[in-house]
Amino acid sequence: MKLRSNIIKLLALGLFATPIAFTSCSEDAMDAVNVNPNNPTDVTSKFILADVITSTAFNNVGSDINTYLAAYVEHEVGTYNQLWDAEHRVSQPALSSTFNNPWGSIYEAIRNAKIAIAKCSEGGVEAGNNTTLGVAQVLNAYNLALLTDMFGDVPYSEAFDPYGNKNPKIDKQEDLYKEVFSLLDQAIENLPKGDKSPIGGIGTNDLLYNGKAANWLQLAYGLKARYEMRLLNVSTDKNAALNKVIEYVDKSFQAVSDEAAFNVYDSQNLNPLFNFQWSRDGLAASKSIAEKLVDRNDPRLRRNFTNPDWVQVANLAPNSKADSLLAPNGENEQFQYYYLTSTFVYAQTASTELLSYHELLFLKAEAMQRLGASASEIESVLKQAVKAGIHNSEKSVAAAFVAPTVVEYGGITETTKPITDEEIDTYFDKSVKPLLQANALKEIANQKYLAFFGASGESVEMYNDIRRWKAEGKDLIVLKNPNKFPLRLPYGNSETSANPNVQAAFGNGQYVYTENVWWAGGSR
C-alpha cells in the first residue's frame, strides 16, 4: 500500500508577492535609515494585481472554502480531523476560527484591488491605465461577491480606511450586490480604453489573460450572468433577469480557451485541493456523488475514483468491493487510507476556475428552461455544457496521472482510457436526454453538479446554486448527509474578537444552520 506515513512532505507554495501595507510619509530624512529596498511600501498596480489574481484563485476560491464546501455539497467526504468534524457537523461549521484565513485573505484582495483602482483612476499616479483599472474593478467585484455569498452581511463601506472607523458597520447584502454590479459596469466601460500611463499597464503580470482586455470584458459579462442568476429569487422581474442572463452569457466566453482558468500550478506551486489532501489526507470519495454517476451510467464513474493503493477504480458497480469503500456521507468513520478517494485530489497542476465556459452554458440552459423553452431547444446548449464539463474533468484526471510529486512515489495506476467525444454523445443521448425530457430543470442542475465535481474549485458555486434552489423550495440535488446543512459560513475570528458589530451578529455561531443569506430568502 502506497501510504506516506513516514514521508516528510516539504512542499512550498512560493506563490505570493509581498503583502501591500498602508504607510504614511514623513519629511524626516531619518525615516530612510534601515529601510529595506527589497520590501517596498509602494507597488505598481500591475504587481499588486498579480498578487490579487493569485490570492483570489488559490486562497479565496480554491483553498479552505472550496475544500469545506466540497464536503457540504457532497462532492467529497471529510474523513479526518477538521474535515471529519465538518462532515459530521461537530463544531467546525459554526466556529469563527474555521474560515478566518479566507476571511482575511478576501478582505486583503479587496483592499489591494481598491489600491490599484485608486492608482489608475483620475488623479492617481497611474491615471490613464484604464484596462488595468477595469481589471482591478472586476477583481474587486469578484471578491466582494464571494465575501457576501459566503458570509452574508459584512463590513465593507467603512472597512478599508486605515485611519477611520476601527469598528466598521455591517453592510446589507442587497447593498453589497449593488456595488458588485456597479464595479462590473465600470469595468466594462474602462477595459476597452487601453493603458496609456507611462508607468505601463498590467501586461504580462496578468496571470489570467496576459493583459488582453477583450478576455477581461468577457469575464465581466460572464460574472454579470452568474450574479443575475444568483439574485433571481429577489428579482422584481424574473423574466427580465433571465433574459439578461442569456444576453450576458452570449457576450461572454465563446470557447473553453476564453475561460478564467488560473493555470500556473507546477511541482512547487500546487493546486489547492491537491495541497490540502497531500498534507492532510482529510478527504474520501463521496458515496452520494458516485450513486448519481451510477444512476446515469456516466462515463466519469470509471475515471474519477482511486483506491488506497493508488490504482484507478474502473468498476464501481453497486455491492462491489470498491463500492463498499465509498465513504457514506455524514456517517463515515474517521479513517485515513481506507476509503477510496476522488482521483482529483491528486491533480497537482489542475487549473482553478474563476469562471468556466461550462458554467456559463449551464446558466444559459437554466435560463432558457425557466423562460419556457422546450427540452429540444435546450438540448444543444446543455450538450455543449456537459461536453465542456467532462473535458474539464478529464484534464484534471490526466493531471493526477502525471502529478510530479505523486510520480516520485510511484504514481497512480491508470486502468481506463480517456473519455471520447463519441462516448459523451452516446451518454447524452441515452442517459441525459430522457432525464431532460422528464424534468428539465432537475437534469440541468444535476449535470451542473456533476461537472463541478473536480479539482477546479467549483464546489463553491455549487454551494451557491444549492442554496438558491433550496430557497425556491426545490431540492434538485439529493444530498445524503443526515446532519444539518450549513446555510452560510461563520464570520472570521479576527473580526468577531475585535469588532463589536460583528461579534454581536456572530453570537454563538449557530445562526449558520438557521439563517439564509438575503438572496436565499434570509434577512442578513
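Between amide H atoms placed 1.01 Å from N, distances below 5 Å from N129 occur with K196, S197, all of them 5 or more places distant or on a separate chain.
Each of W278, W103 was scored by other Cβ atoms within 10 Å of its Cβ. Listed from fewest to most, they are W278, W103.
With the crude spin-label approximation of a point 7 Å out along Cα→Cβ, what separation in nm comes out for N101 versus S279? Between N101 and S279, the label points sit 0.5 nm apart.
What FRET efficiency comes out for L479 versus N315 if R0 is 30 angstrom and r is the Cβ-Cβ distance? Round to the nearest 0.05. Once the sixth-power term is evaluated, E becomes 0.75.
Separation of the alpha carbons by more than 32 angstrom is noted, of K169/K474; K321/K448; K169/K193, for K169/K474; K169/K193. Working note: 222 nm ellipticity from helices only, DSSP H runs with n ≥ 4, each -39,500 (n - 2.57), summed and divided by the residues of the chain, gives -14000 deg cm²/dmol to the nearest 500.
Model label sites at D250 and S91, defined 7 Å from Cα along the beta-carbon direction, differ in position by 5.4 nm.
If I take R0 = 60 Å and measure r between the Cβ atoms of E408 and R524 in this structure, what FRET efficiency does the formula 1/(1 + (r/R0)^6) give, to the nearest 0.05? E between E408 and R524, to the nearest 0.05, is 0.80. Backbone amide hydrogens, once placed in the peptide plane, bring T413 within less than 5 Å of V311, Q312, excluding anything fewer than 5 places away on its chain.
If you count Lys pairs in the stretch 331-419 whose Cα atoms are under 16 Å apart, skipping same-chain pairs closer than 8 places in sequence, the total is 4. As a rough footprinting exposure proxy, the listed residues Y427, Y513, Y463 were ranked by other beta carbons within 10 Å of their own, and the order from fewest upward is Y513, Y427, Y463. The value of relative contact order for the stretch 408-497, using C-alpha pairs under 8 Å at least six residues apart, is 18 percent.
Cβ crowding within 10 Å ranks V77, V460, V345 as V460, V345, V77, fewest other Cβ atoms first. The alpha carbon gyration tensor of the stretch 224-304 gives principal lengths a ≥ b ≥ c with a/c of 1.5 or higher and a/b greater than b/c, which makes the shape prolate.
Under conditions of 20 °C and 1.002 mPa s, the chain yields 90 µm² s⁻¹ as its translational diffusion coefficient, taking Rh as the Kirkwood radius over Cα pairs in the Stokes-Einstein equation. Against the chain, whose longest principal axis comes from its Cα atoms, helix 100-120 is set at around 50 degrees.
Evaluating 6.51 cos²θ - 1.76 cosθ + 1.60 at θ = phi - 60° for every residue in the stretch 213-224, the Karplus couplings come out as 4, 4, 5, 5, 5, 4, 4, 4, 5, x, 5, 4 Hz, glycine and proline recorded as x.
Label separation (T426 vs S374): 2.9 nm, computed from points 7 Å beyond Cα along the C-beta direction. What's the angle, to the nearest 10 degrees (0 to 90), between helix 440-451's Cα axis and the longest principal axis of the chain? Tilt of helix 440-451: around 80 degrees. Normalising the average separation of contacting C-alpha pairs (under 8 angstrom, six or more residues apart) by the number of residues puts the relative contact order of the stretch 340-423 at 41 percent.
A short reminder: the numbers here are calculations on the coordinates, not readings from a lab. From a predicted model like this one, the values you see are computed outputs, not experimental measurements. Note that we place each Cβ from the backbone using ideal geometry, even for glycine, and neighbour counts take in every protein chain shown.
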